[in-house]
1. Can you pull out every residue in region 162-182 that is over 10 Å from the mean Cα position of the chain (by Cα) and at pLDDT below 90?
2. List the pairs whose first member sits in region 60-77 and is at positive phi and surrounded by fewer than 17 Cβ atoms within 10 Å (Cβ to Cβ), whose second member is outside any strand (DSSP E or B) and hydroxyl-bearing (Ser, Thr, Tyr), and whose Cβ atoms are under 9 Å apart, counting only residues at least 6 apart or on separate chains?
3. I'd like to check something: does region 36-53 contain any residue that is within 30 Å of Pro164 (Cβ to Cβ), modelled with pLDDT under 90, more than 26 Å from the chain's Cα centre (by Cα) and not β-branched (Val, Ile, Thr)?
4. Based on what the data block shows, is Ala132 at pLDDT below 95 and more than 15 Å from Val102 (Cα to Cα)?
5. When you go through Val120, Val127 one by one, which is the residue that is closer than 18 Å to Thr179 by Cα, surrounded by 15 or more Cβ atoms within 10 Å (Cβ to Cβ) and hydrophobic (A, V, I, L, M, F, W, C)?
6. List every residue pair whose Cβ atoms sit under 8 Å apart, with the two residues 6 or more apart in sequence or on different chains, where the first one lies in region 1-29 and is within 30 Å of Tyr163 (Cβ to Cβ) and the second, anywhere, is modelled with pLDDT of 70 or more and loosely packed, with under 10 Cβ neighbours inside 10 Å.
7. In region 116-157, how many are touching a residue at least 12 places away in the same chain (Cβ under 8 Å) and not in a strand (DSSP E or B)?
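The values are calculated or read from the model by the stated rules, or taken from the named source; none is laboratory data. Since the structure is predicted, the reported quantities are computational estimates derived from the model, not experimental observations. Virtual Cβ from ideal backbone geometry, glycine too; neighbours counted across all protein chains shown.
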Amino acid sequence: MQLKWPLVILLLVLMGSCREEVLPKPKAMLRLEYPNSPAGKLETDHFEFELNALANVKDRNAKSLTLEYPKMKGSIFITYKKVEGDLQKLLSDAQKLSYEHVVKADAIDPKEFINESERVYGMFYEVKGDAASQAQFYATDSLTHFVTGSLYFYVKPNYDSIYPAAVYLQNDIQRIMETLKWKN
């Protein structure tokens, strides 16, 4: 009888210790996917471009408009200015605005844009890091029209968290630049 209890205890201990080893989960990135949305057309008095169907046009007037993306809590602010012999000042102001984010940004990646057939010349600035704006751009025909744009989110800038939405909206900005046409 004495041998029975130690054997039962040993058997219970062995059964209780037969679990898988607990391992920590590996770090992973949040995977957010946004649909490829069909494009519509947005026309103003001075220009037109293809518009993502997910964007809502807000605060539209003769000189500016806002493209709101409610699901991503972000907006693209677009401003139009007429070139009146002050192209160098407009270019300087647009470039200065882009580089004001250098304090918080990890990097600012400028990309030149040229569409000879539509007379659209500009720059796209991808801002990486915890900056207030994740992208800036300007486009001009060098004679009459000048457009600037900025991407902002309505949340505290945490680059890791907003990265998927930032990439999606940066692609929208590039589509805007690629489809931009001036009106005379």
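1. To start, the set of residues in region 162-182 that are over 10 Å from the mean Cα position of the chain (by Cα) comprises 174-182.
Within region 162-182, none qualify.
2. Lys73/Tyr154
3. Looking through region 36-53, none of the residues is within 30 Å of Pro164 (Cβ to Cβ), modelled with pLDDT under 90, more than 26 Å from the chain's Cα centre (by Cα) and not β-branched (Val, Ile, Thr).
4. Details: at pLDDT below 95: yes; more than 15 Å from Val102 (Cα to Cα): no.
Criteria not met by Ala132.
5. Val120
6. Met29/Asp160
7. Step one: filter region 116-157 for residues touching a residue at least 12 places away in the same chain (Cβ under 8 Å), giving 118-155, 157.
Among the residues that remain, those that are also not in a strand (DSSP E or B) are: 118-119, 130-132, 141-144, 154-155, 157.
Adding up the residues that qualify gives 12.
Okay, residues lined up against (1) loosely packed, with under 15 Cβ neighbours inside 10 Å; (2) of a type in the set (Val, Ile, Thr):
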site	(1), (2)
Tyr80	no, no
Gln134	no, no
Gly149	no, no
Val155	yes, yes
Glu178	yes, no
